[in-house]
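Here is the structure we will look at.
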Amino acid sequence: MSGPILGIDIGGTKLAVGVATPDGRLLSDMRRPSDAADGPDAMIERVLDMSRAAVNDAGLTLDEVDAIGIGCGGPLDPWSGVILNALNNPGWVNVPLVARIEEGLGCPAHLDNDANAAALGEHRFGAGRGVAHMVYLTISTGVGGGLILDHRLYHGANGNAGELGHISVRVSGGRPCHCGSIGCIEAYCSGTNIASRFREALAGGATSAIQRDPVDITAEDVANAARDGDPLASTIWAESMELLGGGIVSIIHAFNPQRVVLGGGVTGAGDLLFEPVRRVVSERAMPWLAEPVRIVPAELGEMAGVLGAVAVALERIGGNDVKGEREAMRSG
């Protein structure tokens, strides 16, 4: 494939659309708020309008676009192109997204979970280039993940593998997670829950040097205060990194990757995150499994959504046929 690809990233907070060449060079890029409360029909219409504008901004027509890639929050079915129940987008239940996009734009479209898409983007264009076995974690509002095994995205039995943020790191007395389980990585290490745990400690009588309304405190505030030596922030942050590192140890033991790529807003803390996570991995992972692993920051930044979606289309068109994968699994 040599023609341009349209990438669409559908999130609960923002929509991002762009056109890129197969080597990842962006020709256009635009984003706007999702306004998710408006429901799927209105959001899809916004995506279609943005897509037409992005193609025009790239100096192209839709006829010149080879394919469309879409990343969206799940659960979803990448084989049928249906959003089953997007947890962060109200009303997105059994939405035939691929069919709607293809009908509106007249071009073949391919769908995957947004974290899987970001994993593919980092593998093709970013921090995982050239690596056969890669794990991707995005640590942001939630904690998502994607698995690249033998150069291919691993989907699992029904297309939803890679929910790495829902590995349990604390079962007895663990915090409830919105997935319905307890003690998940996400329940402790997402930006949302780092801030929530800090606010809960304040409500319980703890004190901190952070001088702002607790309702407005973010994970970034906690990280900055921890860096400045605030005792409460340091305690919350250290526990979060200990549990994140422990979860990554389990992931390394399960999949034996060469690279663990960490992205998402919380990783903006830099060495304050990477140093303790790497320390936990070096202390706890089996040496023969830890030896080949590098734990590195993602490289695509705010372009991860669009370039990840582009990578979804390239993955499918390049011969990694998830429909054939599903049929093979059914026959097995």
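The values are calculated or read from the model by the stated rules, or taken from the named source; none is laboratory data. All values derive from a computational prediction rather than experimental measurement. Positions of Cβ are generated from backbone atoms using ideal geometry, with glycine treated the same way; all protein chains shown enter the neighbour counts. Surface accessibility is based on the protein's heavy atoms, side chains included, excluding ligands, DNA and RNA. Shrake-Rupley method; radii C 1.70, N 1.55, O 1.52, S 1.80 Å.
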> Rounded if a/c is under 1.5, else prolate if a/b beats b/c, else oblate: with a ≥ b ≥ c from the C-alpha gyration tensor eigenvalues square-rooted, which is region 108-162?
Replying inline: rounded
> So what's the back-of-envelope 222 nm ellipticity for the chain, counting only DSSP H runs of four-plus at -39500 (n - 2.57) apiece and dividing by all residues, rounded to 500?
Replying inline: -12500 deg cm²/dmol
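Run the numbers for ARG25 and ARG129: contour at 0.36 nm per residue of separation, minus the present Cα-Cα distance, in nm.
Values: separation 104, 0.36 × 104 = 37.44 nm, distance 1.51 nm.
Extra length available between ARG25 and ARG129 comes to 35.9 nm.
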>> Please report, in whole Å³, the volume per residue of the convex hull around the C-alpha atoms of region 176-281.
In response: 106
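For ALA309, what charge total do you get from the other residues with a beta carbon under 10 Å from its beta carbon, if Lys and Arg give +1 and Asp and Glu give -1?
Numbers: positive: none; negative: ASP9, ASP112, ASP114.
Taking every Cβ under 10 Å from that of ALA309, the sum is -3.
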> Could you list, bin by bin from short to long, the percent of Cα-Cα pairs of the chain in 10 Å steps?
Replying inline: 6, 26, 33, 24, 10, 2, 0
>> Give me log10 I(q)/I(0) at q = 0.19 Å⁻¹ for region 109-250, Debye formula, one equal scatterer per alpha-carbon, no solvent.
In response: -1.08
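Could you give the dipole magnitude of region 103-213 about its Cα centre, charging the beta-carbon of Lys and Arg +1 and that of Asp and Glu -1, in debye to the nearest 20? Write down the numbers at each step before the final one.
Details: 8 positive and 9 negative charges, 76 e Å.
Dipole magnitude for region 103-213 comes out near 360 debye.
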> Can you list the residues, at least 5 places off or on another chain, whose amide H is less than 5 Å from the amide H of GLY183, using H built in the peptide plane?
Replying inline: ARG175, CYS177
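Considering only DSSP beta bridges with both partners in the chain, what is the antiparallel share in %, to the nearest 5?
Numbers: 27 of 47 bridges.
Once the DSSP bridges in the chain are tallied, antiparallel ones form about 55 percent.
How large is the Kirkwood hydrodynamic radius of region 141-199, counting all unique pairs of alpha carbons, in Å? Kindly include the intermediate steps, with their values, before the conclusion.
Values: mean 1/r = 0.0812 Å⁻¹.
Here the Kirkwood hydrodynamic radius works out to 12.3 Å.
Quote the relative contact order of the chain in percent (integer), defining contacts as alpha-carbon pairs under 8 Å separated by 6+ residues. Mind dumping the intermediate values first?
Values: 710 pairs, mean separation 64.5, N = 332.
The normalised contact order for the chain reaches 19 percent.
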>> I'd like the Karplus ³J(HN,Hα) series for region 297-302: coefficients 6.51, -1.76, 1.60, θ = phi - 60°, whole numbers in Hz, and an x wherever there's a Gly or Pro.
In response: x, 4, 10, 7, x, 5
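On average, how much accessible surface per residue is there in region 241-287, in Å², for a 1.4 Å probe, leaving out ligands, DNA and RNA? Intermediate values should be presented prior to the final figure.
Numbers: 1810 Å² over 47 residues.
I get 39 Å² per residue for region 241-287.
Based on the Cβ-Cβ distance of MET286 and ASN224, what FRET efficiency does E = 1/(1 + (r/R0)^6) give at R0 = 41 Å, to the nearest 0.05?
Details: r = 35 Å, r/R0 = 0.85.
The computed FRET efficiency comes out at 0.75.
Counting DSSP beta bridges in region 28-168, what percent are antiparallel, to the nearest 5?
On the way: 12 of 17 bridges.
In region 28-168, DSSP labels about 70 percent of beta bridges as antiparallel.
With charges set only on the Cβ (+1 for Lys and Arg, -1 for Asp and Glu), what does the dipole of the chain come to about its Cα centre, in debye to the nearest 20? Kindly include the intermediate steps, with their values, before the conclusion.
Details: 25 positive and 40 negative charges, 146 e Å.
Dipole about the Cα centre, nearest 20: 700 debye.
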> Is any helix in the chain, taking whole DSSP H runs, at least 27 angstrom long along its axis by alpha carbon and on average at least -0.5 on the Kyte-Doolittle scale, and which ones?
Replying inline: 231-255
> Can you give the charge dipole size of region 153-215 about its Cα centre, rounded to the nearest 20 debye, using +1 on the beta carbon of Lys and Arg and -1 on the beta carbon of Asp and Glu?
Replying inline: 140
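What translational D, rounded to a whole number of µm²/s, comes out for region 1-157 from Stokes-Einstein when the hydrodynamic radius is the Kirkwood one over Cα pairs, at 10 °C and 1.306 mPa s?
On the way: Rh = 15.8 Å.
The Stokes-Einstein estimate is 100 µm²/s.
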